[in-house]
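What follows is calculated from the coordinates using simple rules that are stated; it is not laboratory data. This one's a predicted model, so the numbers in the text were calculated from it and none came from an experiment. Neighbour counts run over all protein chains shown; Cβ positions are idealised from the backbone, glycine included.
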C-alpha cells in the first residue's frame with residue numbers, strides 16, 4: 001500500500017461534491033493536467049470530437065508553470081519546466097527510442113560519467129543515484145533486460161511513430177487557414193514521403209549528418225533499413241557533393257569531413273524521412289487558437305470561455321469518490337490551496353517531465369525516472385550587408401557524434417539567424433536539473449562546438465572572429481549568453497523502465513478510475529509521438545478497438 005494514497009469514498013465527506021455546479025447537462029467537460037504538447041493535443045482532439053458530434057466542449061488546462069516565457073536567466077530562481085516549449089523537436093518515427101538503454105547496458109552507462117562517450121552518470125547532485133525511485137527504476141530496467149517481449153515493444157513503438165507522423169500530416173491537411181498559418185509560422189515540416197521527384201529540403205525528408213563515429217556508413221545503412229521497413233522508399237546515403245547541392249550551407253562541413261567526394265571513415269550523410277516543429281512558437285499560438293475558436297458559453301448569466309489555460313496551477317491532491325465498484329475523480333486540489341470541483345468532467349493527466357506525479361497522487365505508475373537534457377538556442381543578428389547571403393538559410397536535421405545526437409533546427413527569422421539544438425542526456429532520478437550545474441554547462445558547450453563544426457560561419461558572425469576549426473571554450477558560451485545571442489535551458493524527460501509511454505485508464509488500489517486517463521512517459525518522443533499517443537489513449541474507453549491499439553494499450557498500461 002502506498003502511503004501517499006488517500007481516498008474519500010463518501011461524498012458526504014467530500015467538499016468538492018457539495019459545490020460542483022451543474023453547468024449544462026448537454027455539454028462535455030474535460031480537465032487536462034499539464035500544459036505541454038500532450039495537453040495541447042488532448043484539448044484539440046477533444047474539441048474536434050465535440051465539433052463532429054455537434055456538442056459543446058468545455059476544457060480547462062492546468063499548467064504548474066507561472067507562464068511559458070520564463071526568463072532564461074531564471075529570475076527569482078524560477079525556471080521553465082515545460083520541456084516541449086524549451087526544445088527544438090524532430091519529427092521522426094524513432095525519436096522515442098533514444099533515451100533508456102536496456103538491462104546490463106543501462107547499468108554499464110550508469111557507471112560512466114556523462115562527460116565521457118556513452119556515459120549518463122552525474123555525481124555532483126545529491127540523491128540523483130540513490131533515491132528510492134531511482135533504485136526502483138534501476139532494478140526494473142535490469143529485470144526488463146531479459147524480457148523476451150522487448151523486440152515486439154520496440155517494433156510497436158516504431159509503428160506508433162509511423163502513425164504519429166501520418167497524424168501530424170493529417171492535422172495540417174485538415175486544419176483551417178488560421179491553424180495552417182500557425183503551423184507554418186512554427187516551422188512545421190512534416191515527416192512523410194516525398195511529393196517531388198527531385199530531391200530538395202522541406203519535402204518530407206531531410207539530411208542527417210554523422211561524424212566522429214566508427215563505421216559511420218554502417219550506422220547510416222542501419223538507419224536506412226529501419227525506415228524502409230516502415231514504408232519510406234526514398235532513403236539514400238548522400239555523397240558530399242549531393243549534400244552541398246541540396247544544402248549549400250553545409251559546404252564547410254562537407255569539405256572538413258571528406259576528400260575527393262568521399263566521406264572520411266568516421267563520417268556519413270543520410271537522406272531520411274524527418275521533419276520538425278518549433279514548439280516554442282507553436283504552443284502559445286495553438287492555445288490562443290483554441291481559446292478563440294472554441295468560443296464561449298453562459299453560466300449563471302456570466303459569459304465564459306469554453307477553453308481556458310490556467311498557469312500556476314500545480315495539482316497536489318486528487319479527491320476520489322466511488323461509483324459502481326470503481327473510483328471517480330471528484331476534483332483537484334492545487335498547491336495554492338484552490339480547488340477544481342467537477343465530478344462530471346473527464347480528467348486527463350499529461351504530467352510530462354514531472355516524474356512520479358501519478359504515484360504521488362495515489363495512482364498506479366510503473367517504475368520511473370527523469371533523464372536530464374539541455375537545449376541551446378542561438379539568435380544571431382544580421383546587418384544589412386549580411387542578409388542576402390543568408391536569405392535561404394533553412395533546414396532541420398539530426399547531427400550524430402560519439403555519444404551525442406542533436407535535434408537541430410536552423411533558419412533565418414527576419415534579420416537574424418536562429419539555430420536551436422537539443423539533446424544529450426544524463427540520469428537524474430527524481431531530481432530537477434539546473435542550467436548552471438556541471439552537466440548542463442558541459443553539454444551546452446558540446447552543443448556549441450557541434451554547431452561550430454557544422455556551420456562555423458554562423459558562430460564567426462556571433463563571436464566576431466573566425467571560429468573555423470576552433471574548439472570553443474566556456475568563456476565563449478557565456479559571452480554569447482551575456483550578449484543575449486544564446487539561451488541555455490536544462491530540463492528533464494520522464495520515462496518508464498521499459499521505455500514505453502504510459503497511457504490509458506488510471507488505477508487506484510487496483511480499481512479503475514472511470515473518468516480519468518493519463519498520457520505520459522513519452523521521454524524524448526513527446527512531440528513526435530504526441531498525436532498517436534493521444535489517439536491511442538483516447539481509445540481506452542472505446543468498446544471496439546483496432547488490434548494494434550489493443551496491443552499499444554496493453555504495453556502502456558499504468559499498472560505494469
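Using Cα pairs closer than 8 Å and at least 6 residues apart in sequence, work out the relative contact order for the stretch 237-360, in percent. Working shown, then result.
Values: 109 pairs, mean separation 14.7, N = 124.
Taking the mean separation of contacting Cα pairs over the length of the stretch 237-360, I get 12 percent.
Any chance you could get the radius of gyration and Dmax over the Cα atoms of the stretch 92-183, in Å?
Considering the stretch 92-183 through its Cα atoms, Rg and Dmax are 18.8, 52 Å.
Starting from the Cα gyration tensor of the stretch 192-274, take the square roots of the eigenvalues, sort them a ≥ b ≥ c, and report rounded, prolate or oblate (rounded when a/c is under 1.5, otherwise prolate if a/b is larger than b/c, else oblate). Let's see the in-between values first.
On the way: a/c = 2.53, a/b = 1.29, b/c = 1.96.
Here the stretch 192-274 falls in the oblate category.
Distances over 36 Å make up what percent of all Cα-Cα pairs in the chain?
Values: 52210 of 156520 pairs.
Percent of Cα pairs beyond 36 Å in the chain: 33.
On alpha carbon coordinates alone, what is the Rg over Rh value for the stretch 426-560, Rh being the Kirkwood radius?
Numbers: Rg = 21.6 Å, Rh = 18.3 Å.
Rounded to two decimals, Rg/Rh equals 1.18.
Taking just the C-alpha trace of the stretch 283-415, give me its Rg and Dmax in Å.
Gyration radius and largest Cα-Cα distance of the stretch 283-415: 22.7, 72 Å.
Within the stretch 498-517, name every residue whose backbone N is under 14 Å away from a label modeled 7 Å from Cα of residue 150 along the Cβ vector.
So the set is 498-500.
Pairs of alpha-carbon atoms within less than 8 angstrom and 6+ residues apart define the contacts here; what relative contact order does the chain have, in percent? Don't skip to the answer; put the middle values down first.
Working: 1172 pairs, mean separation 126.8, N = 560.
After rounding, I find 23 percent.
Rounded to the nearest 500, what is the chain's calculated 222 nm mean residue ellipticity when only DSSP H runs of at least 4 contribute -39500 (n - 2.57) each, over all residues? Could you put the intermediate results ahead of the total?
Values: 17 runs with 179 residues, N = 560.
Mean residue ellipticity, 222 nm, calculated: -9500 deg cm²/dmol.
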